[in-house]
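The next block holds one structure in the form of structure tokens; read it before the comments.
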Amino acid sequence: MKHYPHYLELQPAMHAQGTVRLPGSKSISNRTLLLAALAQGTTQIFDLLASDDTHVMLMALQKLGVQWEQVGDTRQYVVHGVGGVFPVHQADLFMGNAGTAIRPLTAALAVIGGDYSLHGVSRMHERPIGDLVDALNAAGTQIEYAGQAGFPPLHIRRGHIHTQRMRVKGNVSSQFLTALLMAAPLMAIDQAVTVDVIGELISKPYIEITLNLMRRFGVAVERNGWQSFTIQAGQKYVSPGVIHVEGDASSASYFLAAGAIAGGPVRVEGVGRDSIQGDVRFVEALEQMGASITMGDNWIEAKSNGVLKAIDADFNHIPDAAMTIAVAALYADGPSTLRNIGSWRVKETDRIAAMATELRKLGATVEEGADYLRVTPPTVIQSAAIDTYDDHRMAMCFSLASLDGAARRGNRIRINDPKCVAKTFPDYFDAFAKIAQNNLF
């Protein structure tokens, strides 16, 4: 795994061009690991993401008695399913800051029952989980808070499931619904289980990923719009034998934006028009900004048509990739507004506040609201030291400010604590340097 210094100096890059092979999707990787563990049979997983978050899930599954092997130094893993019951009934599990690991695992462990403690880094203990815990405990599980109510750390004991209907709020994190859906077949032994969503469901494309992967592992979910989801009784997770992890569409956004800003063409491989990830819709926002996009089955390419146009759009469906638009807005021909992004505030950091603070360092005028951000670009991007808040996406997004682009705005950018990219893309800055050809550290 790449070792970075305490900071990186990125020189202004006049042009971005080239091809990047994407790492595996974090969302798909951690869902696939848990489903493979819960399934009957053995699953070969190809192109699993190598990152802090997947390492957290692999170590947790190992502690729970799930046997898995990595094939040499490859990204291929073999997971031996436990058929819905973890062999180890008492464990202390460290979950880092991996929301894609702690939320689904909490639900599965609570439904299966045992004596489990789940905790993470300090930021994880500030990330809400109360809506998920409330939904599970109302169904008969026994989850207790070991610290502040509504947040990890958690202590899970053996409960008694007494309901076939669960309700969960949809407006904080789609991972709560994902967790309930993935655990539902473990509850639906003799009767169907329905999960109702209270209010608006955010990040719907991430639920599409969950439903797609559950289907791959033999469980069908009946969807009534976005308000209720039903799992019929008697369905069990069964290994598909072999599964390939798509390249990460959120990670693709940085390179595609680079092509849109600084000439291109820049091509990403590992994700394309048939992706199950909603974040591929990021390219629609780039097209609205005037970029030229072409797509194949397993690749996407972006290039610039000149100065980017300002954008005013709702990004509720792609909150992670939308962060890239906030930095691309530095190169637009006027103020851009990103709306319906309230979920940013409960991510790895408060991303609305962090983004506003760092964009202002670059000379942008930024208006920050409860669930929106308005970015007015500077005439020239100022040299700045960017703080990353232990948030991988902050580090990757702000690398784009070193690009010169048609507007001749880029400048020297220092990225503090660049190693935080290990959460999803340990080799990010190497890949970025290859497309930003004179971008020297």
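Need one number: % antiparallel among DSSP beta bridges in the chain, to the nearest 5. List each step's numbers first, then the result.
Numbers: 43 of 70 bridges.
DSSP beta bridges in the chain are roughly 60 percent antiparallel.
Could the peptides 165-174, 253-262 be put in order, highest first, of the mean number of other beta-carbon atoms found within 10 Å of their residues?
Values: 165-174: 20.0, 253-262: 29.7.
Ranking, from highest mean packing down: 253-262, 165-174.
Once you put a point 7 Å from the Cα of E284 and another 7 Å from the Cα of R223, both along the Cβ direction, what distance in nm separates them?
Roughly 1.4 nm, to one decimal.
Can you classify the range 275-390 as rounded, prolate or oblate using the Cα gyration tensor, where a ≥ b ≥ c are the square roots of its eigenvalues, rounded means a/c under 1.5, and otherwise it's prolate if a/b beats b/c and oblate if not? Please report the intermediate quantities before stating the final value.
Values: a/c = 1.77, a/b = 1.24, b/c = 1.42.
Oblate.
About its Cα centre, what dipole magnitude does the chain give when the only charges are +1 on Lys and Arg Cβ and -1 on Asp and Glu Cβ, stated in debye to the nearest 20? Intermediate results must be reported in sequence, preceding the final value.
On the way: 39 positive and 43 negative charges, 8 e Å.
Roughly 40 debye, rounded to the nearest 20.
I need the peptides 145-156, 312-323, 62-73, 336-347 ranked by packing, meaning the mean over residues of other C-beta atoms within 10 angstrom, with the highest value on top. Please list the in-between numbers first.
Working: 145-156: 16.6, 312-323: 22.2, 62-73: 13.8, 336-347: 20.1.
Ranking the peptides 145-156, 312-323, 62-73, 336-347 by packing returns 312-323, 336-347, 145-156, 62-73.
Does the range 59-205 classify as rounded, prolate or oblate by the C-alpha gyration tensor (a ≥ b ≥ c root eigenvalues; a/c under 1.5 gives rounded; else a/b over b/c gives prolate, otherwise oblate)?
Cα axes put the range 59-205 in the rounded bin.
Calculate how steeply helix 204-216 sits against the longest principal axis of the alpha-carbon atoms of the chain, using the helix alpha-carbon long axis, and give the answer as 0 to 90 degrees to the nearest 10.
50
Of the listed peptides 412-423, 375-386, what is their order by residue-averaged count of other C-beta atoms within 10 Å, with the highest listed first?
Ranking the peptides 412-423, 375-386 by packing returns 412-423, 375-386.
Tilt of helix 351-361 relative to the longest C-alpha principal axis of the chain, in degrees (0 to 90, nearest 10)?
The two axes meet at around 20 degrees.
Report the residues of the range 134-175 in range of a label on D115: point 7 Å along Cα→C-beta, backbone N strictly under 14 Å from it.
Of the residues in the range 134-175, 155-159 have backbone N under 14 Å from the label point off D115.
Determine the calculated [θ] at 222 nm for the chain from helices alone, applying -39500 (n - 2.57) to every DSSP H run no shorter than 4 residues and normalising by the residue count; nearest 500 deg cm²/dmol.
Values: 12 runs with 131 residues, N = 441.
Computed mean residue ellipticity for the chain: -9000 deg cm²/dmol.
Determine which residues of the range 347-376 fall in the zone a paramagnetic label at Q148 would reach in this model, i.e. backbone nitrogen under 19 Å from the point 7 Å along Cα→Cβ.
The answer is 347-354.
Just for the range 1-117, what percent of DSSP beta bridges are antiparallel, to the closest 5?
On the way: 8 of 11 bridges.
Among the beta bridges of the range 1-117, antiparallel pairing accounts for roughly 75 percent.
Roll a 1.4 Å probe over the protein chains and send me the accessible area per residue for the chain in Å².
Numbers: 15670 Å² over 441 residues.
I get 36 Å² per residue for the chain.
Enter the mean projected area of the convex hull around the alpha-carbon atoms of the range 336-410, in nm², rounded to one decimal. Don't skip to the answer; put the middle values down first.
Working: hull surface 18.5 nm².
The Cα convex hull of the range 336-410, projected and averaged over all directions, gives 4.6 nm².
In whole percent, how big is the carbon plus sulfur part of the accessible area of the chain, probe 1.4 Å, protein atoms only? Intermediate results must be reported in sequence, preceding the final value.
Details: 7500 of 15670 Å².
Whole-percent figure for carbon plus sulfur exposure: 48.
Using Cα-Cα distances under 8 Å and only pairs 6 or more residues apart, what relative contact order does the range 269-316 have, in percent? Provide the component values of the computation, followed by the final result.
Numbers: 60 pairs, mean separation 18.0, N = 48.
Worked out over the range 269-316, it gives 38 percent.
What spacing in nm lies between the two simple spin-label points modelled at D312 and N298, each 7 Å away from Cα in the Cβ direction?
4.2
Would the range 123-238 count as rounded, prolate or oblate if I go by the C-alpha gyration tensor, calling it rounded below 1.5 in a/c and otherwise prolate when a/b exceeds b/c, oblate otherwise? Could you put the intermediate results ahead of the total?
Working: a/c = 1.81, a/b = 1.29, b/c = 1.40.
Oblate is the answer for the range 123-238, as a/c is 1.5 or above yet b/c matches or exceeds a/b.
Any chance you could give the angle, 0 to 90 degrees and rounded to 10, that helix 249-261 forms with the longest Cα principal axis of the chain?
Result, in degrees: 10.
For a distance above 12 Å, tell me the whole-number percent of Cα pairs in the range 282-328 that qualify.
Working: 682 of 1081 pairs.
Percent of Cα pairs beyond 12 Å in the range 282-328: 63.
The values are calculated or read from the model by the stated rules, or taken from the named source; none is laboratory data. Note that the structure is a prediction, hence the values are computed from the model and not measured. Note that each Cβ is placed from the backbone with ideal geometry, even for glycine, and that neighbours are counted across all protein chains shown. What goes into the accessible areas is simple: the full protein's heavy atoms, side chains included, and nothing from ligands, DNA or RNA. Shrake-Rupley method; radii C 1.70, N 1.55, O 1.52, S 1.80 Å.
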